[in-house]
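Enquirer: Just passing along the structure, written as structure tokens.
The values are calculated or read from the model by the stated rules, or taken from the named source; none is laboratory data. Remember, it's a predicted structure, so these values are computed and weren't measured experimentally. Virtual Cβ from ideal backbone geometry, glycine too; neighbours counted across all protein chains shown.
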């Protein structure tokens with residue numbers, strides 16, 4: 001136990017002892033005595049009972065109906081006063097006139113603690129009452145902040161908003177107040193104000209999540225515009241992870257990344273080890289999100305740089321450290337639903353063995369991701385294709401490859417030809433060919449038609465024709 | 001998910017052997033001093049004030065009184081006055097000014113037999129309402145006193161004519177969230193727990209937990225009744241959720257077996273109402289945390305509200321002595337600092353760490 005505390009408490013004690021005794025006998029409630037009150041009520045009731053109607057038979061001659069009716073009407077208008085003990089109300093405001101500053105602070109703190117405890121046990125109404133009491137004694141940013149959070153739980157958005165404003169007046173940089181205000185804005189439908197609050201805190205994980213949701217909400221109504229969305233997603237099941245940004249510089253140091261990267265892997269910004277100034281990258285990212293414009297070439301080059309950087313990092317990192325990766329997937333609206341919301345595998349697109357190739361291909365096939373498949377096919381040498389596919393060729397895969405070739409590799413006829421040439425030497429090719437359906441056959445015919453039209457030096461029409469015979 | 005290093009640790013900071021049987025130890029609010037009360041060998045009562053200085057206990061004052069003192073509280077005085085209210089073996093209630101201890105500020109012959117337990121409310125800036133002291137005695141009565149009213153108690157809860165008198169072993173104040181409302185909870189040696197409502201002057205609830213009730217305490221005195229912990233003989237304690245009272249079932253409760261012996265005391269941490277410490281007859285201390293259920297109340301078959309009890313987790317336990325620990329008090333000024341006294345004639349100052357991370 002620290003000496004500091006001992007000296008502090010002794011100073012406090014002296015202060016308390018020396019403080020002048022405020023005669024607060026008036027403010028203390030009276031001695032509890034409930035019996036006296038009950039006697040009063042009894043006597044009142046007795047007085048009432050003395051007034052009675054005339055009894056004797058002859059008195060009825062003197063009985064005046066009109067007068068009695070009038071009396072009854074009067075009685076109704078002035079009902080007898082019921083003496084009840086006033087139900088004590090919870091005091092929302094405390095009488096602070098008699099207290100000094102030190103006591104006020106202590107009481108306000110105590111009320112705030114009570115509020116916190118009520119909040120933790122789920123009694124939100126009670127918590128609001130306690131915080132209000134604390135604020136009536138000593139207005140503090142913490143109490144306003146906590147009350148704002150309680151209002152949010154109770155879904156009282158306007159009250160929460162005013163409390164957040166109060167905090168920010170006292171402390172303009174209060175992170176919690178900014179976050180809470182943006183939550184309130186979101187619920188109130190003010191979608192413009194809340195990102196501004198969140199942008200002030202680029203490193204806060206909750207802020208990032210909420211910002212992502214909001215920009216998604218913003219972009220949905222504008223989906224018809226041709227644009228490019230940037231989704232930053234995380235891939236947990238990869239065994240060779242690293243942190244990625246789209247402008248990642250490959251010469252950044254990697255030595256002290258390991259521990260920090262585990263914690264910071266959820267951030268959009270780069271790990272603290274980077275040399276680049278974080279805000280610029282972040283604003284660049286944000287600009288891309290907000291602008292929603294792009295061109296396909298830029299998209300392609302970006303994908304390439306992403307994949308190159310991934311590979312560079314993969315080679316240089318030691319594989320033993322557990323880390324997560326944040327690959328950036330790009331979504332093109334005009335491509336339709338095949339390519340949208342795709343989770344690209346982050347294993348490098350230059351597989352070195354059949355297993356890796358198979359993994360990538362299967363993943364791509366499962367998602368219907370022709371782009372990845374196209375990248376994959378572009379990156380591998382054609383002679384290796386049969387080796388990579390090995391015994392895994394089946395109808396579905398084959399159909400998928402055909403589609404890819406047809407759609408994406410039209411611009412590279414040379415590559416297309418080479419792939420086709422080697423594909424037909426793959427194991428199980430003949431069997432799969434037998435089982436092709438009509439759609440696939442038409443695709444194949446398309447491919448060969450294209451090839452025929454193309455004129456190159458490496459292969460001639462005859463070559464194409466002979467190849468096509470093998471397929472169709 | 002906390003590892004063993006993250007759990008709160010109970011550390012014995014200072015230990016002092018005394019030459020008398022000490023029954024109760026209480027912190028003096030707003031200071032680094034505490035009071036020990038007990039029974040000297042020659043049959044007289046003693047009050048000692050110790051101060052913590054540089055990791056050692058210094059005796060500041062020793063006061064001897066005619067009768068042995070069983071219990072005491074600071075609960076009903078203001079922060080400036082800090083008068084100690086004590087109950088002694090003779091059944092008297094005295095309020096002392098520790099600066100001038102020769103003559104009590106208030107004195108009354110409260111009971112015919114020993115005052116087993118005492119509690120105060122309305123002072124120290126905690127809660128609204130008049131300062132009041134409640135005493136429970138072996139003569140079976142529970143009396144509420146106001147230091148401004150001499151001779152007669154403000155309220156007296158005694159067994160009716162012809163009913164057997166049961167020893168009242170423990171009393172506690174609660175539900176004092178405004179000027180008028182107060183509740184007194186009393187535990188008896190036959191396992192009865194009764195709650196008296198002082199606003200309506202009526203019995204609000206009673207139950208029986210099958211074993212003598214050693215100690216009852218509300219988690220906070222100055223709020224709407226939230227939780228009540230009652231400890232008993234044979235190593236069992238019950239936590240009642242006091243927010244929802246069902247007409248027939250009463251309050252929901254959860255019960256734990258611990259200590260394997262009588263649980264002598266339960267004390268809630270003043271800074272966090274969900275953490276409490278129980279002391280056992282084998283000289284051990286258990287630190288517990290209460291977790292609230294997802295829904296604190298639900299509807300029963302007839303659509304009447306009934307409470308749902310949560311769960312209690314053991315955070316830490318430690319054995320500091322071989323004899324029962326008869327009293328424990330948390331410091332209201334420093335979280336985790338507590339003083340306990342046991343029947344091996346010693347008093348210990350303990351520090352419980354990491355309570356802010358629980």
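Enquirer: Looking at the structure I just gave you, is residue B:163 away from chain A (no Cβ under 14 Å), surrounded by fewer than 24 Cβ atoms within 10 Å (Cβ to Cβ) and at pLDDT below 90?
Expert: On the way: away from chain A (no Cβ under 14 Å): yes; surrounded by fewer than 24 Cβ atoms within 10 Å (Cβ to Cβ): yes; at pLDDT below 90: yes.
For residue B:163, the condition - away from chain A (no Cβ under 14 Å), surrounded by fewer than 24 Cβ atoms within 10 Å (Cβ to Cβ) and at pLDDT below 90 - is met.
Enquirer: Restricting to strands (runs of 3 or more DSSP E) lying wholly in segment B:243-358: which have 3 or more residues that are within 23 Å of residue B:205 (Cβ to Cβ)?
Expert: On the way: elements: B:250-257, B:263-269, B:272-280, B:284-291, B:297-299, B:305-307, B:311-319, B:325-330, B:337-342, B:346-352.
Passing ranges, in order: B:250-257, B:263-269, B:272-280, B:297-299, B:305-307.
Enquirer: Anything in segment B:109-138 that is within 14 Å of chain A (Cβ to nearest Cβ) and more than 20 Å from residue B:23 (Cα to Cα)? List them, or say none.
Expert: Of everything in segment B:109-138, those that are within 14 Å of chain A (Cβ to nearest Cβ) and more than 20 Å from residue B:23 (Cα to Cα) turn out to be B:121, B:122, B:123, B:124, B:125, B:126, B:127, B:128, B:129, B:130, B:131, B:132.
Enquirer: Quick check, is residue A:147 assigned to a helix (DSSP H, G or I), touching a helix residue (DSSP H, G or I) at 6+ places or on another chain (Cβ under 7 Å) and at pLDDT below 90?
Expert: For residue A:147, the condition - assigned to a helix (DSSP H, G or I), touching a helix residue (DSSP H, G or I) at 6+ places or on another chain (Cβ under 7 Å) and at pLDDT below 90 - is not met.
Enquirer: Have a look at B:327, B:346 and point out the one that is buried (at least 19 other Cβ atoms within 10 Å of the Cβ), within 25 Å of residue B:57 (Cα to Cα) and touching a residue at least 60 places away in the same chain (Cβ under 8 Å).
Expert: Just one listed residue meets the conditions, B:327.
Enquirer: Identify the residue in segment B:33-74 that is more than 14 Å from chain A (Cβ to nearest Cβ) and part of a loop (DSSP other than H, G, I, E, B) and, among all such residues, is farthest from the chain's Cα centre (by Cα).
Expert: Going through the qualifying residues, I end up with B:42.
Enquirer: Taking segment A:105-131, which residues are more than 10 Å from every other protein chain (Cβ to nearest Cβ) and either more than 24 Å from residue B:356 (Cα to Cα) or touching a strand residue (DSSP E or B) at 6+ places or on another chain (Cβ under 6 Å) (or both)?
Expert: Across segment A:105-131, the qualifying residue is only A:125.
Enquirer: From B:295, B:345, B:323, which residue is at positive phi and out of contact with any helix residue (DSSP H, G or I) (no Cβ under 6 Å at 6 or more places or on another chain)?
Expert: Of B:295, B:345, B:323, the one residue that is at positive phi and out of contact with any helix residue (DSSP H, G or I) (no Cβ under 6 Å at 6 or more places or on another chain) is B:345.
Enquirer: Just checking, does segment B:186-201 include any residue being under 23 Å from residue B:276 (Cα atoms) and within 14 Å of chain A (Cβ to nearest Cβ)?
Expert: No, segment B:186-201 contains no residue that is under 23 Å from residue B:276 (Cα atoms) and within 14 Å of chain A (Cβ to nearest Cβ).
Enquirer: Output yes when any residue across segment A:134-154 is within 14 Å of chain B (Cβ to nearest Cβ), touching a residue at least 12 places away in the same chain (Cβ under 8 Å) and within 19 Å of residue B:272 (Cβ to Cβ), and no when none is.
Expert: The answer is yes; a qualifying residue exists.
Enquirer: Something else: Out of B:205, B:169, report the one residue that is under 16 Å from the mean Cα position of the chain (by Cα) and closer than 25 Å to residue B:257 by Cα.
Expert: Matching residue, one of B:205, B:169: B:169.
Enquirer: I would also like to ask the following. Only residues in segment B:75-88 that are touching a residue at least 12 places away in the same chain (Cβ under 8 Å) and within 14 Å of chain A (Cβ to nearest Cβ) count as the first member; pair them with residues that are outside any loop (DSSP other than H, G, I, E, B) and surrounded by fewer than 24 Cβ atoms within 10 Å (Cβ to Cβ), Cβ under 6 angstrom, at least 6 apart or cross-chain, and list the lot.
Expert: Note: pairs meeting the criteria are B:79/A:16; B:83/B:95; B:83/B:97.
Enquirer: Could you figure out which of (1) assigned to a strand (DSSP E or B); (2) away from chain A (no Cβ under 14 Å) isn't true of residue B:234?
Expert: The single condition residue B:234 does not satisfy is (1).
Enquirer: Same structure again: Do we find that residue B:95 is assigned to a strand (DSSP E or B), more than 21 Å from residue B:27 (Cβ to Cβ) and touching a residue at least 24 places away in the same chain (Cβ under 8 Å) in this structure?
Expert: no
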